[in-house]
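Just so it is clear, none of the values below were taken in a lab; they were calculated from the coordinates. All values derive from a computational prediction rather than experimental measurement. So basically every Cβ, Gly included, is an ideal-geometry build from the backbone, and we count neighbours across all protein chains shown.
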Amino acid sequence: MDLHRSLALALAATLAAGCSSRADLESPDPCRRAAAVRRLGSASPGQALPALLLAQADRSSQVRQAAAEAFPKLGGPRAAEGLGALLGDVDPAVAGAAARGLSELAPGDGGKERLLAGYAVASSAGRASIAAALRQIGASLREAVEVEARLRYERNQVALERGGPAERAGAAEELGASGRAEAVARLLGLLAEGDKLDPVVLAGVARGLGASGDGSARIRLERLLASQGPGVAEAAADGLRVLGDPGTAPGLAGVAERGGAPGAAAMAALAALPETAEAGSALCAVATRSQDPARAMQAARLARQRGATCPVKPLLDRIGRAGGLAALAALAELRWDGADAEAVSRRMLALLASRGGEPAVRAAAARVVGTAGWPGAAKDVGARVASLFKRIDEARAKVIADPRNPPAFLEPPEAAELGALLAAAGRLHADGVAPLVVRGLSEPSPAIRAGAIEGQGWLLGPAATGTLEKGLADADAGVRSASARALGRLGEAGAPPLVRAAASTQPSEDAWRSELAPALARTGSAEAATGLARLLEGESTDAAIQALSRLGASTGVKPLIDFVERGEGPSLPEAVEAVASLAGAEAGPPVGRLLTSERPEVREAAVHALGLLRYEPASPGLEALKSDYVVRVRRAAIEALARLPSRRPGVHRP
């Protein structure tokens with residue numbers, strides 16, 4: 001006889017004994033079922049327990065919560081067992097009621113043991129309730145953290161030995177995250193199996209070694225970057241990203257300059273490395289050597305943001321050869337001064353003045369002229385703009401003369417060249433270009449309109465605000481983006497239109513909202529924080545958090561704290577980091593509540609933040625996390641505790 005049938009028979013006996021109404025317990029109305037379950041708490045354990053065990057699996061959270069509230073009235077080990085099963089409930093109210101119920105049981109009923117064991121499987125909300133219940137009975141959170149660490153380590157050991165490839169890979173990654181010396185030794189031993197090891201498992205081992213934080217794994221991970229096994233090179237790059245050793249930069253650069261998944265993973269690892277000269281040089285190497293324009297542009301942008309100085313000659317030497325477009329893409333992202341700016345600009349002007357050539361190359365060269373900003377290029381840029389508009393006029397005149405045989409207008413790549421030149425002409429304040437920029441604003445080509453928008457912003461500054469705001473409503477995404485960038489450069493004057501634009505968007509407009517966020521930050525205006533607060537949802541959340549951090553405006557603190565208080569979402573660690581950089585002690589309570597998060601990356605971020613905030617009330621939670629399963633959390637807790645006021649030399653700590 002199976003368990004469910006046994007419980008069903010026992011339930012029938014309970015109903016026959018008159019403990020509750022069969023109609024109520026079997027009602028389709030969850031409110032009636034919940035009320036009937038609560039009444040079971042006044043019955044004898046032998047009569048009520050079967051019905052409560054069924055109620056704890058009811059499809060309605062109301063009924064499950066009612067069971068959690070009735071169990072403590074029965075008392076005994078069976079009540080502790082039933083409440084323990086509810087600690088992992090998906091509904092926070094049910095898990096909270098179960099935790100409170102366990103804290104109300106008699107000491108010998110096993111409530112504490114169930115709370116400690118349930119901590120490892122509960123949701124973040126459930127873990128917070130368990131922590132509160134443990135305090136209620138005089139136990140410590142550290143006990144629960146230690147039990148979780150032990151159970152998790154044992155479970156992963158078994159999975160690594162006996163599981164299938166996917167299960168073994170996950171266990172390897174988790175064992176590495178523990179940072180235990182024996183775990184690292186076990187993973188390094190698996191690498192010795194070489195080709196005998198399943199690539200899926202090998203990828204998990206690579207990620208685990210990175211998560212371990214053990215510097216001895218670096219060389220082995222660098223060797224795996226050359227692996228041909230599916231997913232292994234990417235996993236090795238990801239492991240090096242987590243390891244965070246700047247010495248890995250040259251090896252990562254060699255992989256990042258190539259395309260494909262390994263190259264993308266290596267690029268992500270490079271981007272995450274600490275801002276050292278070695279990492280900056282590696283990014284410059286990728287920008288110089290990659291034949292992928294998008295990859296070269298990304299590397300050059302990151303190098304510029306880190307203050308790295310990339311050599312100009314290798315990039316100029318590649319123009320006209322394989323990878324020339326990639327070199328131009330990198331040049332457009334870098335910034336040049338003095339002789340370098342002149343050398344770059346002269347080379348670009350020579351490309352624009354030459355006959356023939358690929359339109360895409362000419363457009364890229366025009367963009368480089370604009371970003372180089374060499375004043376000596378102004379005259380040639382203005383002349384080229386006038387020449388291209390003259391070609392447009394000639395083509396249109398022929399259409400009027402012979403509408404049956406229209407000539408070709410500017411092709412899209414050539415239109416991109418004109419757009420880039422309009423932006424450059426505005427930035428360089430080329431003589432006589434202002435009317436041409438105004439004309440570009442009404443051209444049918446989006447590429448030309450976008451360039452004219454940027455040119456107008458450079459020419460007129462704050463006086464262009466009205467025109468730029470109109471551009472925010474353009475039908476073309478590229479024109480809207482150009483308008484947002486131009487408004488961002490205007491500083492305070494550009495903030496109000498961008499705030500209004502942010503307020504008019506919907507969370508589903510992911511790409512547009514993500515572009516508005518950095519533009520708002522670039523204004524440097526405290527008013528921009530209002531617009532960024534509107535972007536703290538959907539796919540734009542990350543961009544809004546980063547922008548608020550860069551903005552540094554105190555007005556952005558409240559929406560960030562509100563976001564942190566919700567305690568959910570993939571961007572929560574970034575939000576916690578931003579709160580720590582902008583807020584004061586008022587952020588301590590909401591951040592402190594995240595110490596019991598089920599997500600280790602959230603716990604780590606919260607620990608770092610509490611240390612930066614020097615929030616003394618978090619001390620017990622930080623002490624508990626010195627026993628966390630994840631080594632990064634343990635190390636962060638030790639560092640955070642050292643920052644607290646009570647840990648200062650000469651200050652007594654009871």
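Computed quantities for the displayed model
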read-out: Kyte-Doolittle mean at least -1.0, axial Cα span of 30 Å or more - DSSP H helices of the chain; value: 141-162, 378-401
read-out: Potential lengthening between GLU492 and ARG223 on full extension [0.36 nm per residue; Cα-Cα distance subtracted]; value: 91.8 nm
read-out: Furthest towards positive pole of dipole, ALA296, GLY210, GLY488, structure part the chain, Cβ charges; value: GLY488
read-out: Cβ-derived FRET efficiency at R0 30 Å, ARG599 paired with GLU182, nearest 0.05; value: 0.75
read-out: Theoretical gain in end-to-end length, SER442 to ALA511 [0.36 nm per residue, Cα-Cα removed]; value: 22.4 nm
read-out: Principal axis box of segment 410-492, alpha-carbon based, largest edge first, Å; value: 38, 30, 16
read-out: Contact order relative to length of the chain, as percent, for alpha carbon pairs under 8 angstrom and 6 or more apart; value: 7
read-out: CYS31, CYS310 arranged by Cβ crowding within 10 Å, fewest neighbours leading; value: CYS31, CYS310
read-out: Extended-chain gain in nm, criterion 0.36 nm per residue less alpha-carbon gap, ALA343 and LYS379; value: 11.3 nm
read-out: Inter-label distance for ARG321 and GLU586, nm, one decimal - labels placed 7 Å from Cα along Cα-to-Cβ; value: 5.9
read-out: Mean Cβ count within 10 Å, highest first, over the residues of peptides 124-130, 603-609, 59-65; value: 603-609, 124-130, 59-65
read-out: Surrounding net charge for SER140, when Lys and Arg each add one and Asp and Glu each subtract one, Cβ distance under 15 Å; value: -1
read-out: Rg/Rh (Cα only; Kirkwood hydrodynamic radius) as it applies to segment 425-554; value: 0.99
read-out: Options [x] 33.2; [y] 35.6; [z] 39.2 - which one matches mean projected area of the Cα convex hull in nm² as calculated here; value: [z]
read-out: Mean-position separation - Cα centroids, segment 332-391 and segment 493-509, in angstrom; value: 33
read-out: FRET efficiency estimate (nearest 0.05) - Cβ-Cβ, ALA192 to GLU616, R0 35 angstrom; value: 0.15
read-out: The chain, helix-only ellipticity at 222 nm - DSSP H runs n ≥ 4, -39,500 (n - 2.57), divided by all residues, nearest 500; value: -21500 deg cm²/dmol
read-out: Computed FRET value (nearest 0.05) for ARG162 with HIS429, which takes r as the C-beta separation and R₀ as 60 Å; value: 0.25
